[in-house]
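Peer 1: Before I ask anything, let me first share the structure, which is written out below as structure tokens.
The values are calculated or read from the model by the stated rules, or taken from the named source; none is laboratory data. None of the values given here were measured: they were computed from a predicted structure. Cβ: placed from backbone, ideal geometry, glycine included. Neighbour counts: every protein chain shown.
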Amino acid sequence: MTYFGLNTFIAITPEIFMLLITSVLVIYGVVYNNKLITNRLIVLNNISILSLFTLTIAVLILLMSPYYSTITYNSVFINDDLTKAIKIIVLLGTITSILISLNYLRFSAIRNFEYMLLILLSTTGILLLISSYNFISMYLSIELQGLSFYVLASMKRNSEYSTEASFKYFILGVFSSGFLLFGFSLLYGITGIINIEQFYKLFIEDVDAVQYIIIYIGLLLILISFLFKIGAAPFHVWLPDVYEGSPISVTAYFAIVPKIALITVVVKSLILVFYNIINQLNFMLIASSIVSMVLASILALYQTKIIRLLAYSAIGHMGYVLIGFCIFSIEAIQSMFLYMIIYIIMTINLYSAVMSLRSHVGNVEIKYIRELINMSKNNPMLAINIAITLFSVAGIPPLAGFYSKLYVFSSAINDNMYLLAVIGVLTSVIAAFYYIYLIRIIYFDKSVIYVYLNSIDRNSAIIISITFLFIVLLFLFSSSILQYTHYLSLLLSI
């Protein structure tokens, strides 16, 4: 029993380690934080550095884990190669989000040490969600992540927009969690099962009509909840307001980290387990994909603020990702993973650049698209980076974004989903219009008023350079990332 218990704790060591360190950092922050602004900044800076070390050690723990596939805590958590890979992506995304936000926190009014602790807690919740093999652990992990997100959205205490964003996110998030919990309750009530593996064994055999209908309704509610959480239409109404109202550093974290974890959980725990019934719900996924692509590409044309434009762009990208959900093939799942990895890297680049846009006079954030006029003269290197990244997001070859869309559309065509492929191409053309509009503002529009920008901090400059090279040079080593994403998709079928 001792040996079994030791293995049980070792299997989820990163999560336990992060919870312990977060508890220690809470005590440190409470003891040394006071009303003096200088002291508060020192405590925030120290906790930020310790948080980066914590996340880095968690990555090393995952890389050195000796376990291939382990189910622990009475089938509550699973630890296999797929969960390890997604956890590493999540941790690296969190490290990047913190690095690009350090300078932003320094110049903004956010001096609360709780900021980094909430980042660690939400990341821990995401890691637990990825490993969840049980409805109860899945729901509790989502709530741990969600509660941290609600508070993070309100971190800019002197902004009424931040409070409004947090309130909207909280109300709609709780409503979404209610759908999720009700769906889980229906599945448990009709089967008496909460474990993913037991559901898989149950659906090898046929179920009667009444059970089928109740399970169908339960899965419908669960899918609605997950579509809300990834920001897919028509459950997207919260996303532009929350992205705009939250501090930009928090918005970057929302955009970079949680979506790939949620998508992996949906594929692993729903599509593979309930594959006999999920086919009947395919109409909902197809409709959500089409509405996301069309609605986002049209509404983005009328945006005047940079963050709201990026928010609608994120909704459109979730529509492209959902194409992979509509096709239950290895090729489609591979294209979905490829799209998400490239999307995360492009998002890191764009948000690093946006957070660096601060006026030299008064150190004011650049919020409106028209304020990018003359940027090609004020900061030509940053202008080139934004232009190339926007071309990549639009899907212009041979940049990285072209490959992500190419493989998603190819998987749809190979599975005779011609409508999704055609709508995806058309909406990509419409979306290219507002990306090119941004580039026109940066390079060709003229104004007598110059908005001089501050220099970029070193952390953001390094991250922008690395992601820029990936976006531009992916075609030289595309076979490597294709092999990796194919490996991830094969892990789902094992």
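Peer 1: Any residue at all in segment 394-412 that is over 24 Å from the mean Cα position of the chain (by Cα) and among the hydrophobic types (A, V, I, L, M, F, W, C)?
Peer 2: So far as segment 394-412 goes, no, none of its residues is over 24 Å from the mean Cα position of the chain (by Cα) and among the hydrophobic types (A, V, I, L, M, F, W, C).
Peer 1: While we're looking at this one, here's another question. Quick check, is residue 307 outside any loop (DSSP other than H, G, I, E, B) and either more than 23 Å from residue 406 (Cα to Cα) or within 16 Å of the chain's Cα centre (by Cα) (or both)? Quick ask: steps written out before the conclusion?
Peer 2: Values: outside any loop (DSSP other than H, G, I, E, B): yes; either more than 23 Å from residue 406 (Cα to Cα) or within 16 Å of the chain's Cα centre (by Cα) (or both): yes.
Taking the combined requirement at face value, the residue satisfies it.
Peer 1: Looking at this structure, is residue 387 part of a helix (DSSP H, G or I), modelled with pLDDT of 85 or more, among the small types (Gly, Ala, Ser) and under 25 Å from residue 244 (Cβ atoms)?
Peer 2: Yes.
Peer 1: Report every pair of residues separated by at least 6 positions or lying on different chains whose Cβ atoms are under 6 Å apart, first residue within segment 453-469 and of a type in the set (Gly, Ala, Ser) and in a helix (DSSP H, G or I), second at pLDDT below 95 and surrounded by 15 or more Cβ atoms within 10 Å (Cβ to Cβ).
Peer 2: Between residues of segment 453-469 that are of a type in the set (Gly, Ala, Ser) and in a helix (DSSP H, G or I) and residues that are at pLDDT below 95 and surrounded by 15 or more Cβ atoms within 10 Å (Cβ to Cβ), the close pairs are 460/100; 460/352; 460/356.
Peer 1: Suppose the filter is hydroxyl-bearing (Ser, Thr, Tyr), touching a helix residue (DSSP H, G or I) at 6+ places or on another chain (Cβ under 7 Å) and in a loop (DSSP other than H, G, I, E, B); does residue 75 pass it? Step through it out loud before you land on a result.
Peer 2: On the way: hydroxyl-bearing (Ser, Thr, Tyr): yes; touching a helix residue (DSSP H, G or I) at 6+ places or on another chain (Cβ under 7 Å): yes; in a loop (DSSP other than H, G, I, E, B): yes.
Spelling it out, residue 75 is indeed hydroxyl-bearing (Ser, Thr, Tyr), touching a helix residue (DSSP H, G or I) at 6+ places or on another chain (Cβ under 7 Å) and in a loop (DSSP other than H, G, I, E, B).
Peer 1: If you go through segment 441-461 one residue at a time, do you hit one that is closer than 28 Å to residue 292 by Cα and of a type in the set (Val, Ile, Thr)? Outline the logic, then answer.
Peer 2: Taking segment 441-461 first, the residues closer than 28 Å to residue 292 by Cα are 441-442.
Retained after the next criterion (residues that are of a type in the set (Val, Ile, Thr)): 441-442.
The answer is yes, given that some residue of segment 441-461 is closer than 28 Å to residue 292 by Cα and of a type in the set (Val, Ile, Thr).
Peer 1: Now for a separate question. Look at residue 431 and say whether it is under 19 Å from residue 347 (Cα atoms), assigned to a helix (DSSP H, G or I) and of a type outside the set (D, E, K, R). I'd like the intermediate steps shown before the answer.
Peer 2: Details: under 19 Å from residue 347 (Cα atoms): yes; assigned to a helix (DSSP H, G or I): yes; of a type outside the set (D, E, K, R): yes.
Yes: the conditions hold for residue 431.
Peer 1: Of all residues in segment 90-123, which are of a type in the set (D, E, K, R), closer than 16 Å to residue 152 by Cα and in a helix (DSSP H, G or I)?
Peer 2: The answer is 114, and nothing else.
Peer 1: Could you tell me whether segment 317-337 includes any residue that is in contact with a Leu (Cβ under 7 Å, 6 or more places away or on another chain), in contact (Cβ under 8 Å) with a residue 12 or more places away in the chain and closer than 25 Å to residue 373 by Cβ? It would help to see each step written out before you state the result.
Peer 2: The initial filter retains those residues of segment 317-337 that are in contact with a Leu (Cβ under 7 Å, 6 or more places away or on another chain), namely 322-323, 325-326, 330, 333, 337.
If we keep only those that are in contact (Cβ under 8 Å) with a residue 12 or more places away in the chain too, we end up with 322-323, 325-326, 330, 333, 337.
Keeping just the survivors that are closer than 25 Å to residue 373 by Cβ gives none.
Scanning segment 317-337 turns up no residue that is in contact with a Leu (Cβ under 7 Å, 6 or more places away or on another chain), in contact (Cβ under 8 Å) with a residue 12 or more places away in the chain and closer than 25 Å to residue 373 by Cβ.
Peer 1: Continuing with this model, one more query. What number goes with the only condition from (1) without any contact (Cβ under 8 Å) to a residue 24 or more places away in the chain; (2) out of contact with any helix residue (DSSP H, G or I) (no Cβ under 8 Å at 6 or more places or on another chain); (3) farther than 23 Å from residue 71 by Cα that residue 150 does not pass?
Peer 2: Status for residue 150: all satisfied but (2).
Peer 1: Turning to a different aspect of this structure: Which helices (runs of 4 or more DSSP H) does segment 203-288 wholly contain that include 1 or more residues that are of a type in the set (Gly, Ala, Ser)?
Peer 2: The qualifying helices (runs of 4 or more DSSP H) are 209-230, 238-245, 248-256, 258-266.
Peer 1: With 479, 404, 447 as the choices, which residue is of a type in the set (Ser, Thr, Tyr) and surrounded by 14 or more Cβ atoms within 10 Å (Cβ to Cβ)?
Peer 2: The unique qualifying residue is 404.
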